[in-house]
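Below is one structure, written out as structure tokens, with a few remarks after it.
The values are calculated or read from the model by the stated rules, or taken from the named source; none is laboratory data. None of the values given here were measured: they were computed from a predicted structure. Reconstructed Cβ throughout: ideal geometry from the backbone, glycine too, with neighbour counts over all protein chains shown.
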């Protein structure tokens, strides 16, 4: 927890030159989201809307989002998956990977520290982001950035 706070303070103060650029990219990415179909059940629509709004929030858990949305039904994840095509956790992870790739490929962010990009997609610890990225993409984020440059 302390590391997360220190990283955020550092990213805001000494690396502020990237913050606006990263935020614009995050906003552009989020603008293309699919929003809930009115035919879906209310609980799925509430969960998807809440998830889309807070998708890249550091420390957010799906369980926390479900509780805050008043969704205490243990079957909501399976109903979500039947409508959206994947579980809430898989949905979030897929978007985190896609946005990470987008940020790593972006010309204006070639020099941005990887941990700052990790924060932007919801990872408070660089190591957690690095493990996830390598598991999902098959290479480290630095290797990926070098490959797509």
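Output the number of the condition that residue 139 fails; it satisfies all remaining conditions of (1) modelled with pLDDT of 95 or more; (2) more than 18 Å from the chain's Cα centre (by Cα); (3) under 21 Å from residue 21 (Cβ atoms). Residue 139 satisfies all of (1) modelled with pLDDT of 95 or more; (2) more than 18 Å from the chain's Cα centre (by Cα); (3) under 21 Å from residue 21 (Cβ atoms) except (3). Per the listing 59, 50, the residue uniquely at pLDDT below 95, in a loop (DSSP other than H, G, I, E, B) and touching a helix residue (DSSP H, G or I) at 6+ places or on another chain (Cβ under 9 Å) is 59. Being closer than 14 Å to residue 120 by Cα, out of contact with any helix residue (DSSP H, G or I) (no Cβ under 6 Å at 6 or more places or on another chain), at pLDDT 90 or above and part of a helix (DSSP H, G or I), is that true of even one residue in the range 39-47? Checking the range 39-47: not a single residue is closer than 14 Å to residue 120 by Cα, out of contact with any helix residue (DSSP H, G or I) (no Cβ under 6 Å at 6 or more places or on another chain), at pLDDT 90 or above and part of a helix (DSSP H, G or I). Here is a check on your reading of the model: is residue 104 at pLDDT 95 or above, more than 21 Å from residue 34 (Cβ to Cβ) and touching a helix residue (DSSP H, G or I) at 6+ places or on another chain (Cβ under 9 Å)? Considered against the rule, which asks whether it is at pLDDT 95 or above, more than 21 Å from residue 34 (Cβ to Cβ) and touching a helix residue (DSSP H, G or I) at 6+ places or on another chain (Cβ under 9 Å), residue 104 comes out as yes.
Only residues that are surrounded by 11 or more Cβ atoms within 10 Å (Cβ to Cβ) and either over 12 Å from the mean Cα position of the chain (by Cα) or more than 30 Å from residue 109 (Cβ to Cβ) (or both) were counted in the range 29-41, giving 5. Selection of the range 62-94 for residues being under 20 Å from residue 122 (Cα atoms), over 18 Å from the mean Cα position of the chain (by Cα) and either touching a residue at least 40 places away in the same chain (Cβ under 8 Å) or not in a helix (DSSP H, G or I) (or both) yields only 69. Candidates in the range 112-143 are the residues that are in contact (Cβ under 8 Å) with a residue 60 or more places away in the chain and assigned to a loop (DSSP other than H, G, I, E, B); of these, the one that is nearest to residue 25 (Cα to Cα) is 121.
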